Each structure stands twice: as C-alpha cells, then as structure tokens.
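As structure tokens, the structure follows; a few thoughts come after it.
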Amino acid sequence: MIPQLEVVVDETHPNPKYANQVGKIISVEGDVCTLRLKNGDFKTNAAYILPVRPEKNEKVIVLKGKSKGQQGTIINKSTEDKEAVVELEDNNISVLKLHCLGKFSNDNNNDW
C-alpha cells in the first residue's frame, strides 16, 4: 500500500462504521495505513483495505510486477475487464492485469 492510492475499507473491518467507505491513503507506517475518508482521517491495518479498481482514462499506479511503482493512465480496457492498456509515465505502453493496478489520486483534495 502506498500514499495517494484510492482504497475501500473491507466489509470485514472490526469497526462496521468504516466498512465499505472509500478514501485514500495519506501515510503508511509498517502494516498501518492512515486513510482520509469523508468523515475524517483514521488508522487501520492494511489487511482491511482494498485498492479501488481504476477505469478508462484514470490515473493508476502499478502495484505488482516489473513496472511496480510506476504511474500511468489507462487508455483502454479489455471487454472482459481483466486487462488494461496503460500509458506509463516513461511513455511506454503496456498491457497489464487490472488486479495489478490501483487508482491513483494525485490531487490534494481533502473532501473525502
């Protein structure tokens, strides 16, 4: 997990008031992530959060594989919604599995 990654709190979270809320990671310390949600910031174990699946034309960050850590933009998705064509920050075009991508929020919007 990395800062600026958009995530959803898993429904199995011990505190049900956070379950299924969407926000972004603002910091990571070991296995603990600080999330910014609409109702404020809170800390939780990374095991209880999942990356938001990105859509076409959205900014992404590669979470797994040889391009891990690179940012890019989805320029096309497969009809089965399993792969995406991504233009990476180094201008290379790659076909990547969607489960290897996370929606990246590079704005400073605090209105989660």
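FYI, it's all coordinate maths here, none of it is from the lab. Quantities reported herein were computed from a predicted structural model and do not represent experimental measurements. Virtual Cβ from ideal backbone geometry, glycine too; neighbours counted across all protein chains shown.
Taking a 24 Å limit on the Cα-Cα distance, which of the listed pairs LYS64/LYS103; LYS17/LYS38; LYS43/LYS103; LYS17/LYS59; LYS56/LYS82; LYS59/LYS97 fall beyond it? It would help to have the intermediate numbers written out before the result.
Numbers: LYS64/LYS103 13 Å; LYS17/LYS38 12 Å; LYS43/LYS103 20 Å; LYS17/LYS59 28 Å; LYS56/LYS82 13 Å; LYS59/LYS97 15 Å.
LYS17/LYS59, as the Cα separations exceed 24 Å there.
With a 10 Å Cβ neighbour count serving as the proxy for reagent exposure, in which order, fewest first, do HIS13, HIS99 appear? List each step's numbers first, then the result.
Working: HIS13 17, HIS99 12.
So the ranking, lowest neighbour count to highest, is HIS99, HIS13.
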Practice task
Mind listing the long-range amide H neighbours of ILE49? Cut-off is under 5 Å, sequence gap 5 or more, other chains count too, H placed in the peptide plane at 1.01 Å from N.
Solution key: ASP10
Handout entry: Relative contact order of the chain, defined on C-alpha pairs under 8 angstrom at six or more residues apart (%)
Key = 24 percent
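Once you sort the root eigenvalues of the Cα gyration tensor of the range 1-53 as a ≥ b ≥ c, which label holds: rounded (a/c under 1.5), prolate (a/b larger than b/c) or oblate (the other case)? Walk me through the numbers on the way to the answer.
Working: a/c = 1.34, a/b = 1.25, b/c = 1.07.
Rounded.
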Exercise for the section: Taking Kirkwood radius over Cα pairs in Å as the quantity of interest, determine which of [x] 18.6; [y] 14.4; [z] 16.7 was computed from the displayed structure. Expected result: [y]
